[in-house]
Amino acid sequence: MFLPFTFINASQINQSKLLEFSLDVGSDTTDFNFSSNTYKTKSEKLGINWYEPFTPHFHGGLELGYVNLTQLDNNPASAKFTSGEYLGLLLRFLPVSSDFFSLTLNANYRYNITQGTSTNQETRFAWNETLISSILRFQPTSLFGLTATAEYQLIDGSQRDSGTITQIRAFNTSKHQGYRLGMDITTNHTGVVGIEWFTGFRSGTRLYFTRKF
């Protein structure tokens, strides 16, 4: 069964005045560096975010979601599989925006917390993420778009173990630069479905569904 698509040129509706909601599903790997060890860390995220347009060139928003964290080489056992939530503040600047090309600058902050348990042991991860990114988007047709993103990330946090082993260990990341390539399909004048691939300080994929109201 085929669903009808209705395409409206962006000039027919002022997109900058609409609320934007997105559902994100992603999986990526990065390195958490402790003083004596580096652990490859897999993150699986499911979250939502929304933006409020304050001016045509500045939007602000929030994000929240669920995250699973896996560090198979870490000890104790309660640190290998943890889960929890994240909450973030989103700032977006749009110095250039047209029907066919746009430049977006983002400044985002996210706070993450996960917990895991095993016999007589509990582990709690808490970390801050600051992400600065610039996104170039090309839309050669009304259906299809391409994105290229350069980003810079800072992470700092701690692993707190309690129980048989009691300790607090700080961690950060040594790689800060990353890149993303993406493609998206415009389902109608306010809906977009897209996918992105990451490389650099993290590697993985992200699938997102965006709707403006």
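The values are calculated or read from the model by the stated rules, or taken from the named source; none is laboratory data. Everything numeric in this text was worked out from a predicted model, so none of it was measured. Reconstructed Cβ throughout: ideal geometry from the backbone, glycine too, with neighbour counts over all protein chains shown.
Condition check ((1) within 30 Å of residue 18 (Cβ to Cβ); (2) touching a residue at least 24 places away in the same chain (Cβ under 8 Å); (3) among the aliphatic types (A, V, I, L, M)) across all residues:
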{"site": "80", "(1), (2), (3)": "no, yes, no"}
{"site": "86", "(1), (2), (3)": "yes, yes, no"}
{"site": "94", "(1), (2), (3)": "yes, yes, yes"}
{"site": "99", "(1), (2), (3)": "yes, yes, no"}
{"site": "102", "(1), (2), (3)": "yes, yes, no"}
{"site": "109", "(1), (2), (3)": "yes, no, no"}
{"site": "116", "(1), (2), (3)": "no, yes, no"}
{"site": "150", "(1), (2), (3)": "yes, yes, yes"}
{"site": "164", "(1), (2), (3)": "no, yes, no"}
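Within region 35-56, the set of residues being surrounded by 15 or more Cβ atoms within 10 Å (Cβ to Cβ), out of contact with any Gly (no Cβ under 9 Å at 6 or more places or on another chain) and not β-branched (Val, Ile, Thr) comprises just one member, 39.
Filtered by the rule that a residue be in contact with a strand residue (DSSP E or B) (Cβ under 7 Å, 6 or more places away or on another chain) and surrounded by 15 or more Cβ atoms within 10 Å (Cβ to Cβ), region 110-125 gives 110, 112, 113, 114, 115, 116, 121, 122, 123, 124, 125.
The number of residues in region 133-159 that are of a type outside the set (Ser, Thr, Tyr) and either loosely packed, with under 15 Cβ neighbours inside 10 Å or not in a strand (DSSP E or B) (or both) comes to 11. Under 29 Å from residue 209 (Cα atoms), touching a residue at least 24 places away in the same chain (Cβ under 8 Å) and not in a strand (DSSP E or B): is that true of residue 174 in this structure? When the stated conditions are applied, residue 174 does not pass them.
Say whether the condition of being among the polar types (S, T, N, Q), outside any strand (DSSP E or B) and modelled with pLDDT under 95 is met by at least one residue in region 87-101.
Of region 87-101, the ones among the polar types (S, T, N, Q) are 97-98.
This time we only want the ones that are outside any strand (DSSP E or B), so: 98.
Those still in the list that are modelled with pLDDT under 95 too: 98.
Checked region 87-101: at least one residue is among the polar types (S, T, N, Q), outside any strand (DSSP E or B) and modelled with pLDDT under 95.
Of everything in region 1-50 that is of a type in the set (Gly, Ala, Ser) and modelled with pLDDT of 95 or more, the residue that is farthest from residue 125 (Cα to Cα) is 22.
Out of 137, 110, which single residue is among the charged types (D, E, K, R) and more than 14 Å from the chain's Cα centre (by Cα)? I'd like the intermediate steps shown before the answer.
Values: 110 fails: more than 14 Å from the chain's Cα centre (by Cα).
Within the list 137, 110, the selection yields 137.
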